[in-house]
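Each remark here refers to the structure printed beneath this line.
The values are calculated or read from the model by the stated rules, or taken from the named source; none is laboratory data. Source: prediction; values computed, not measured. Positions of Cβ are generated from backbone atoms using ideal geometry, with glycine treated the same way; all protein chains shown enter the neighbour counts. All accessible areas refer to the heavy atoms of the entire protein, side chains included, with ligands and DNA or RNA removed. Shrake-Rupley method; radii C 1.70, N 1.55, O 1.52, S 1.80 Å.
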Amino acid sequence: NSGVMSLLRPLLLDVIPTIRQTAALALGRLANYNGDLAEAVVKGDILPQLVCSLSEQNRFYKKAAAFVLRAVGKHSPQLAQAVVQCGALEMLVICLEDFDPGVKEAASWALGYIAQHNSELSQAVVDAGAVPLLVLCIQEPEIALKRIAASTLSDISKHSPELAQTVVDAGAIAHLAQMILNPDAKLKRQVLSALSQIAKHSVDLAELVVEAEIFPVVLTCLKDSDECVKKNGATLIREIAKHTPELSQFIVNAGGVAAVIDCIGSCRGTVRLPGIMMLGYVAAHSEDLSMAVIVSKGIPPLCACLIEEHEDHIKAAAAWALGQVGRHTPAHACAVAGADVLPTLLAIYMDMHSSEDLQMKASILAKKALKNILQKCTYLPALEPLLHDAPPNIMKHIVGQFSKMLPHDSKARRLFVTTGGLKKVQEIKAEPGSLLQEYINTINSCYPEEVVR
C-alpha cells in the first residue's frame, strides 16, 4: 500500500550486489505472503527484469531470484503461467546445472511449484529440459537437494501417464528406489511420494516400479517412526495393488498384506487411510486374495477403524474395504459377519450426525457393504439382531437371506424362534405381492401355523 514494490524494482539493478540480492529477497517474501501480493509483483513488471539478470549474477542473487519465481508461481495456475511466460523456465533449468547446490535447490523448488498445478504447466517444465537434470540432482550428495529434486519429480509425474513416463525414461525409478532405505525421513517421504505418483497411472508403470526391487524394502517404511513415511509407504503399496490381481498377489507373497495390517493397527487417523484402501483393492480382485486378507487377520483392524475413527472419510473407506472382503462367497461373508461388524455398518448407514457430503459417502458405502455381505452371509447370530433395527431397504436383504437359509437348517429354525426373529418378521409391513412378502411367506411356511400365530 505504501508503494514499496515500485521502490524495490530499480534496486534489482543496483551496482552493489548485496542490495540487488536483498531487494530480490524482499520481493520474494512479499510475493510469498499471498496471491494478491504475488500478482502485484507480476503487474509491476518485475519478473522479466529478474529473469534477464539471472544468468550473469552471483549465486546469492540466483537463489533470491529463484525464490521470487517460486513465491509467485506457488499461488495459482495463472500466476505460475505468468512465470512461464516471462521465460523463467529456461533460466531455472540453466540454474539446475550451476556448480552451487543451493542454486540447484532453489531452481528445483521453483520448478516444482510451477509443475504442481496442472499437466500443461508440468509439460512446460518437461519441455524446458528439466527432468534429466532433476534426475542428476537426486544423485548429488546434499540431502536438501535430493529432497527437493525428488519432490519436483513427484509433482511432474502426478498429472498424467505421459508425464510420468518422461520421468521414467530419464532413469528416475532406479535412483529413487535406492533411496527408500535412506535414514533421512524427509527424503524418504518425497521418494515414496514420487514412486507412488509414477505407479498410480497404469499397470505398465506400476510394474516398472516393482521391477526396481522395492519389495520387501518398502515394507520397512510401514514401521517408520515418521507418520508421513508410513502413510506414503502405504500409499505406494496401494497404488501398485489396485491395478491387477497379479500385482496384488506379488504384494501378498512379499508379506505386504500382513505388514499393512500391522501398520493400520499401530496408528490412528489419516495415516490409516491408504492401508485401509489397499486391503480393499487386494480383496476386490479375487476370492483367494480376499481370503489372504482374512487369514492375515485383516478384519479386526478394519472393524476397529469403523469404531475408533471420528472422520467420516476414514469410516467410509473401512466400510468399503469390509464390503470388498465379504462379497465373494458365504465363507467370506461369514468371516466379516462373525467379527460383529454388521451392527456397526448399520449404525453408520443410519447415522444422521455426520457432515452431509461425507455422511452420504459413508452411509452409501456402509449400505453397499451391508448388501454385499448380506447377499452371501449364512451366519445367523450376526444377522438376527439386524431384524430389530434395519430400515426397510436393508430389511429386504436380511429377510431374503433367512428365506434361503431356514428351509434347509432345523437348528437355525429353532434359534430363529427363540431369539425373537420369527416374531419380528410378523411385524414387518410388506406390500402384498412384493418380493419382501414372498420372503416372509417362505419363512412362515417353515413353521406350523400355530407357531407363526
Any hit, segment 343-353, residues being at pLDDT 85 or above, open to solvent by 30 Å² or more (accessible area, probe 1.4 Å) and more than 25 Å from the chain's Cα centre (by Cα): yes
Search result, residues across segment 200-238 that are over 16 Å from Y281 (Cα atoms) and among the hydroxyl-bearing types (S, T, Y): T220, S225
Sole residue being touching a residue at least 12 places away in the same chain (Cβ under 8 Å) and either outside the structural domain of V229 (by the TED database) or outside any helix (DSSP H, G or I) (or both), chosen from H332, H328: H328
Unmet criterion (only one of (1) part of a helix (DSSP H, G or I); (2) at pLDDT below 90) for E56: (1)
Residue check, S108 within 29 Å of K146 (Cβ to Cβ) and surrounded by fewer than 20 Cβ atoms within 10 Å (Cβ to Cβ): no
So Y113, is it more than 29 Å from L163 (Cα to Cα) and hydroxyl-bearing (S, T, Y): no
Residue in segment 232-242 that is assigned by the TED database to the domain that holds A339, of a type in the set (S, T, N, Q) and modelled with pLDDT of 95 or more present: yes
Residue selected from segment 382-420 under the condition outside any helix (DSSP H, G or I) and under 18 Å from A333 (Cβ atoms), by the criterion modelled with the lowest pLDDT: A390
Members of segment 194-231 found to be among the charged types (D, E, K, R), buried (at least 17 other Cβ atoms within 10 Å of the Cβ) and assigned by the TED database to the domain that holds Q324, listed by number: D224, K230, K231
Single residue of segment 59-99 satisfying the filter (within 31 Å of the chain's Cα centre (by Cα) and part of a loop (DSSP other than H, G, I, E, B)) that is farthest from T18 (Cα to Cα): S76
Checking A65 against (1) under 13 Å from V83 (Cβ atoms); (2) in contact with an Asp or Glu (Cβ under 8 Å, 6 or more places away or on another chain), the condition it does not meet: (2)
Set L153, L163, L136: member being of a type in the set (A, V, I, L, M, F, W, C), open to solvent by 30 Å² or more (accessible area, probe 1.4 Å) and in a helix (DSSP H, G or I): L136
Filtered residues of segment 374-405 (kept if open to solvent by less than 30 Å² (accessible area, probe 1.4 Å) and in contact with a Ser or Thr (Cβ under 8 Å, 6 or more places away or on another chain)): E384, Q401, S403, M405
